[in-house]
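Student: I am attaching a structure below and will ask some questions about it afterwards.
The values are calculated or read from the model by the stated rules, or taken from the named source; none is laboratory data. Here the structure is a predicted model, which means the values were calculated and not measured. Neighbour counts are summed over all protein chains in view; Cβ atoms, including those assigned to glycine, are modelled from backbone coordinates with ideal geometry.
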Amino acid sequence: MSLRGIIKDFWREQRLFEQRAIAAVVIIATLSLLLVGRLVWLQVVRYDYYTDLSQGNRVRIEPLPAPRGIIYDRQGLILAENQPAYQLELVPEQVPDLDATLQGLVRIGLLDADDVDDAKRTVRSRRPFDSVPIRLHLSESDMAAFGVNRFEFPGVDIRTRLARSYPQGETAVHALGYVGTVSAADLARIDREAYAGTSTIGKVGIEAAYEDPLRGRNGSREIMVNARGRSVEKLGTLQAALQTRPGEPGTDLFLTLDLEVQRVAEQAVRDQRAAIVALDPNNGDVIALVSRPGFDPNLFARGLTRTEYAALNENPDRPLFNRALRGTYPPGSTIKPVVALAGLTHGIIEPDKPFFCIGYFSLPGSSHRFRDWRPKGHGAVDLRSAISQSCDPYFYSLSNQLGVRRLNAFLGQFGLGKPTGIDIGGEKSGILPSPEWKKTAFKQRSAQVWFPGETVIFGIGQGYMTSTPLQLAHMTAILATRGKNFEPRLVRAMRNPRTQRMTELTPAPLPPLQAASAEHWDLIIDGMRAVMEGGTATRSAAGAPYSIAGKTGTAQVFSVAQNARYNESAIAERLRDHAWFVAFAPIEAPRIAIAVLVENGRSGSGTAAPIARTVMDAYLLRKFPPADAAAPSGDVTEE
């Protein structure tokens, strides 16, 4: 082996070491420069940016709910406003044990045990950082109870909010509606961001239909919080620059309702199950909309317990049910003027031709008797007296001659059998029957056949036909204006609360009824005048300084056997006939059209017509009876 191969090369090793040392120095120097550069970038160049981020760790953005718009009646009287209130709110991400927290609130009396499950669902449906209301409208004793025990409830706090208030109580509640707590179902259909910090939402009536303009647009503010999430003025010596972005208040609404007339109307029906709708026939404005019994919307605004809601919902008188829009009843004789107009239009009847009423009507070849409300009949009647005395056999015969399809088409032109288009939700369409309707309404083929006898009772508003009080008020308004037609409406103007600029809403005209001639309109209206002057509602018109055209009606709740007589004293109160009355006044220049329904109210002339007269006096004469005045009474007849 060569000696050169085993001798160590010291110079080569030294050069290799020097090269590695230089590389290490370069790498260390480069990394040092990068570190210094990064520090300069973070602490000098990007100082402002990271200062803002660091402040964000201790500054929380809290939404500021916008004040809800105020609702006024047509005279500028307040129907719905906002009042300061305290409510208990919970931030889910700050609560270590939701179940224990809610049970603790039950223990100190701030939450009903029956409402715990609902509260859980509401909290879990919201975002973790949202402040969720779990109790609205705290009293002073409630706040004291929470204050003493506050340390037990991290993530729960008392907030000051503007809460909805209804200073008129239950007056006009079915038109106004109410607000309630935002539910899980509500969250599924709304923009959550728009409702951040908002605890309530319109549920029914105007509050629901005009929810978007009423609620406004929420603002926000920055608040400094400590490690526990509590708001503080400063952290140590740090005083943050906090900003507030104001919200946009909700739009104010001015309604067509007349509060004083509304009060009179509700007072007139008192504790009866009833509905009243009064319209201005010239533009569709709703002057009064009554459904009784009612309820106090403030109960919903402050938050009902499950027990309180059950008491309302299970009440047999159904105070939550809007009878004016959703109640469907046989209209009875109130449609006879329209049926008579159909007979004139189609040339079936002559106004002066006598018809002899013997107390019943039978179809050719049939022994079945369709009876009159007056057992012995009315004797010889013409068109005018048939309307004024509400002679059933006259209209049985006329309906049979018209036929079901012409009846259906003509009555449909008066808005029956379909929604009127009023600007709040929940309206029912009622039933305007026809052979085609019957085929879809019944599954058995034998039940789908239309019989001539069904046409006969259709013509006096019985059988399958049903209508709402709003529809009959709308029908009466069309009669009053001789064919002019407007969508009923409850809101007439909106006002921007910042600029105070008022925007008037234009009435919505519908296609007018043009089939009838001026002479035919005169004949029908003259017949309705005769109802009030010698007819079935004479006593209700006594002493009126204005002219009235009206029509009474009585609707059967159940059918009476062919060989039986209706005996009011022998049947249950809730099975007695419904009382109807429709009217408009003054005849020469109509300003009000009204429909009154009293469930199981005996007769239209004795029960419903006097109520309508009281409401018309209040509107036309500004005549307001004292609050404790007894409900008026009128004729005691079957119609």
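Student: Would you check which residues across segment 177-212 are touching a residue at least 12 places away in the same chain (Cβ under 8 Å) and more than 24 Å from Thr160 (Cβ to Cβ) and list them?
Tutor: Scanning segment 177-212 gives Gly177, Ala184, Val204, Gly205, Ile206, Ala208, Ala209, Tyr210.
Student: Do you know which of the residues in segment 49-78 that are charged (D, E, K, R) and modelled with pLDDT of 75 or more is nearest to Ala163 (Cα to Cα)?
Tutor: Arg68
Student: Filter segment 92-150 for residues that are under 18 Å from Arg161 (Cβ atoms) and among the hydroxyl-bearing types (Ser, Thr, Tyr) and give the result.
Tutor: Thr122, Ser131, Ser139
Student: Okay, next question. What are the residue pairs meeting all of these: first residue in segment 128-152, first residue under 13 Å from Gly104 (Cβ atoms), second residue among the aromatic types (Phe, Trp, Tyr), Cβ atoms under 8 Å, and 6 or more apart or on different chains?
Tutor: Phe146/Phe153
Student: While we're on this one: Among the residues in segment 89-98, are any touching a Lys or Arg at 6+ places or on another chain (Cβ under 6 Å), within 16 Å of Thr181 (Cβ to Cβ), touching a residue at least 40 places away in the same chain (Cβ under 8 Å) and not in a loop (DSSP other than H, G, I, E, B)?
Tutor: yes
Student: Let me ask something else about it. Just checking: which of the strands (runs of 3 or more DSSP E) contained wholly in segment 155-225 hold 1 or more residues that are surrounded by 21 or more Cβ atoms within 10 Å (Cβ to Cβ) and among the basic types (Lys, Arg)?
Tutor: 156-165
Student: Can you tell me which residue in segment 502-537 is surrounded by the most Cβ atoms within 10 Å (Cβ to Cβ), limited to those that are polar (S, T, N, Q) and either closer than 30 Å to Ala209 by Cβ or out of contact with any Leu (no Cβ under 9 Å at 6 or more places or on another chain) (or both)?
Tutor: Thr536
Student: Moving to a separate point now. Counting only residues that are among the charged types (D, E, K, R) and touching a Gly at 6+ places or on another chain (Cβ under 8 Å), which one in segment 451-501 is surrounded by the most Cβ atoms within 10 Å (Cβ to Cβ)?
Tutor: The residue in question is Arg489.
Student: Moving to a separate point now. Identify the residue in segment 266-300 that is assigned to a loop (DSSP other than H, G, I, E, B) and among the small types (Gly, Ala, Ser) and, among all such residues, is farthest from Thr181 (Cα to Cα).
Tutor: Gly284
Student: Of all the residues that make up segment 406-415, how many are closer than 17 Å to Gly430 by Cα and part of a helix (DSSP H, G or I)?
Tutor: Total satisfying the criteria: 6.
Student: For segment 301-391, give me every one of the helices (runs of 4 or more DSSP H) that falls completely inside it and has 2 or more residues that are among the aromatic types (Phe, Trp, Tyr), touching a helix residue (DSSP H, G or I) at 6+ places or on another chain (Cβ under 6 Å) and assigned by TED's automatic domain parsing to the domain that holds Thr171.
Tutor: So the answer is none; nothing clears 2.
Student: From the list Ala572, Ala612, Ala595, which residue is among the aliphatic types (A, V, I, L, M), farther than 19 Å from Ala278 by Cα and either at pLDDT 65 or above or more than 30 Å from the chain's Cα centre (by Cα) (or both)?
Tutor: Residue meeting the stated conditions: Ala572.
Student: Which members of segment 416-453 meet the condition of being of a type in the set (S, T, N, Q), outside any helix (DSSP H, G or I) and over 30 Å from Leu255 (Cβ atoms)?
Tutor: Of everything in segment 416-453, those that are of a type in the set (S, T, N, Q), outside any helix (DSSP H, G or I) and over 30 Å from Leu255 (Cβ atoms) turn out to be Ser434, Gln444.
Student: A follow-up question, please. Quick check: is even one residue across segment 40-48 modelled with pLDDT of 65 or more, exposed (fewer than 10 other Cβ atoms within 10 Å of the Cβ) and aliphatic (A, V, I, L, M)?
Tutor: yes
Student: Could you check Val106 against (1) aliphatic (A, V, I, L, M); (2) surrounded by 14 or more Cβ atoms within 10 Å (Cβ to Cβ); (3) at pLDDT below 85; (4) out of contact with any Gly (no Cβ under 8 Å at 6 or more places or on another chain) and say which number it fails?
Tutor: Failed condition: (3).
Student: Let me confirm something: among Gly534, Gly553, Gly527, which residue is assigned to a strand (DSSP E or B) and either at pLDDT 90 or above or touching a Ser or Thr at 6+ places or on another chain (Cβ under 7 Å) (or both)?
Tutor: That would be Gly553, the only listed residue that is assigned to a strand (DSSP E or B) and either at pLDDT 90 or above or touching a Ser or Thr at 6+ places or on another chain (Cβ under 7 Å) (or both).
Student: Only one of these is among the polar types (S, T, N, Q) and either under 30 Å from Gly426 (Cα atoms) or in contact with a Cys (Cβ under 6 Å, 6 or more places away or on another chain) (or both): Ser390, Ser333, Ser397, Ser367. Name it.
Tutor: Exactly one of Ser390, Ser333, Ser397, Ser367 is among the polar types (S, T, N, Q) and either under 30 Å from Gly426 (Cα atoms) or in contact with a Cys (Cβ under 6 Å, 6 or more places away or on another chain) (or both), namely Ser333.
Student: Just wondering, is there one or more residues in segment 103-113 that are in the same structural domain as Pro65 (by TED's automatic domain parsing), within 30 Å of Leu259 (Cα to Cα) and in a loop (DSSP other than H, G, I, E, B)?
Tutor: So far as segment 103-113 goes, no, none of its residues is in the same structural domain as Pro65 (by TED's automatic domain parsing), within 30 Å of Leu259 (Cα to Cα) and in a loop (DSSP other than H, G, I, E, B).
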